[in-house]
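*Asks:* Following this message is one structure expressed as structure tokens.
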Amino acid sequence: MPKSNGKWIAAGIVLVAVALAITFVFMAGNKKSDTEVTGLIRQAPPEGVKPKPDNAFDEQGRLRGRASGSLGEDSMVPWGFVSDVSDYLLDHYYPAGTRQNPTGKAVFTLGYKQLNMRYGLEMSYFGHDSEDVRGARQQIFDYIFRPGMLTALHTLYAETFVQDLALKAGQAEREFVLPDGSYAVRPLSEGEVKECLGMVAGFMREGARVLSVMASNERVLSMLPEYEQASLRVNTAYAEFNTQRESDGQDQVKAGDAIKKAIQSREALRQAVVGAVRRDAGRLSMPDDSIFYLVQWGSRRVTDGEGRTQSLSVAGKLLNDVASRLLSVATNGAGLGTA
């Protein structure tokens, strides 16, 4: 897919991973205090990460941004990471009638599991000093996933993220299908840029709603240990079935029935979790698998340390704020970077 010429700063929230991991959730440089940033001058990207041109920096290499506190770069969540997140988001927008999406309706194909898998395993963007992935991930979350730090990162990056996303989307190109079946590359139209911003905003808003439900409904997270126990019972039932392979038919039938019952119990708990989220969050377009994945992710974050439920709530609110800013630009058209 053709790349745009610009760069935009991704919101400094756990994107989730949520990924946010929203993901949200990674860094570069030595660990600093909650409020410390590296200063106004852009840092070099981490080793092995190829630098790219970007609109977020002016000709002196200073980070653009009008919002108070938006100048600078956090040492733990640096430009190299947020820049890559921005590319990854935009790369999953496919307008209607393109080579990748010849249908009559635009699609945004990114899911939170994809986002978390990309950044939950790749640590080269971030400033941890651990030598293994597990240790690095823990160090990163300990630094980021606190209400004060999430808010500080949002203040640092959110406004410039929205401004630069609009510019970058306006410069992006896609291959469109022509009437004769051939293809032609052209920039996104203003309508397509607005559509892209709206789809990214919708992706963020739905993630924010799931995070908020996890923070407000204790039952949602409390069902996860029950689900894990049910999963263990499924594994035990399969192991018992394997031991009965040489026994008579009746024992095998009983072992097979035990597997079915264990799976039914596990899936009932899974559906209970998803159903509780859907009831509290309202209409969600994301599939059940994505909802459950986010709940599992949130459950792990809560058990990582004290006060993490509040962090889920704050992350949801901040992510929703970024989505609202994007929707405002998509609706009003101010700041779009189309030619």
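*Asks:* Of the residues that sit in segment 311-339 and are surrounded by 20 or more Cβ atoms within 10 Å (Cβ to Cβ) and in contact with a Pro (Cβ under 7 Å, 6 or more places away or on another chain), which one is modelled with the lowest pLDDT?
*Replies:* It comes out as SER311.
*Asks:* On the basis of being of a type in the set (Ser, Thr, Tyr) and either closer than 30 Å to ARG300 by Cα or in contact with a Pro (Cβ under 9 Å, 6 or more places away or on another chain) (or both), does TYR119 make the cut?
*Replies:* Yes; evaluated as a whole, the condition is true for this residue.
*Asks:* Residue pairs, Cβ under 6 Å, 6 or more apart or interchain, first in segment 162-189 and small (Gly, Ala, Ser), second part of a strand (DSSP E or B) and modelled with pLDDT of 95 or more. List them.
*Replies:* Listed pairs, sorted by first residue: ALA184/PHE176.
*Asks:* In segment 276-315, which residues are among the β-branched types (Val, Ile, Thr) and under 15 Å from the mean Cα position of the chain (by Cα)?
*Replies:* ILE291, VAL295
*Asks:* Identify the residue in segment 148-199 that is modelled with pLDDT under 90 and among the hydrophobic types (A, V, I, L, M, F, W, C) and, among all such residues, is farthest from the chain's Cα centre (by Cα).
*Replies:* Filtering segment 148-199 for residues that are modelled with pLDDT under 90 and among the hydrophobic types (A, V, I, L, M, F, W, C), the one farthest from the chain's Cα centre (by Cα) comes out as LEU167.
*Asks:* Residues that are crowded, with 17+ Cβ neighbours inside 10 Å, modelled with pLDDT under 85, on the phi < 0 side of the Ramachandran plot and among the small types (Gly, Ala, Ser): does segment 124-147 have at least one?
*Replies:* Checked against the condition, which is being crowded, with 17+ Cβ neighbours inside 10 Å, modelled with pLDDT under 85, on the phi < 0 side of the Ramachandran plot and among the small types (Gly, Ala, Ser), segment 124-147 yields at least one hit.
*Asks:* Name the residues in segment 176-231 that are polar (S, T, N, Q) and either in a helix (DSSP H, G or I) or touching an Asp or Glu at 6+ places or on another chain (Cβ under 8 Å) (or both), would you?
*Replies:* Selection gives SER212, SER216, ASN217, SER222, GLN229, SER231.
*Asks:* Looking only at segment 232-243, decide whether some residue is among the aromatic types (Phe, Trp, Tyr), buried (at least 19 other Cβ atoms within 10 Å of the Cβ) and either within 27 Å of TYR88 (Cα to Cα) or modelled with pLDDT of 90 or more (or both).
*Replies:* no
*Asks:* Separate question: Of all residues in segment 102-122 being basic (Lys, Arg) and not in a loop (DSSP other than H, G, I, E, B), which is surrounded by the fewest Cβ atoms within 10 Å (Cβ to Cβ)?
*Replies:* ARG118
The values are calculated or read from the model by the stated rules, or taken from the named source; none is laboratory data. Owing to the predicted nature of the structure, the values given are computational and were not obtained by experimental measurement. Reconstructed Cβ throughout: ideal geometry from the backbone, glycine too, with neighbour counts over all protein chains shown.
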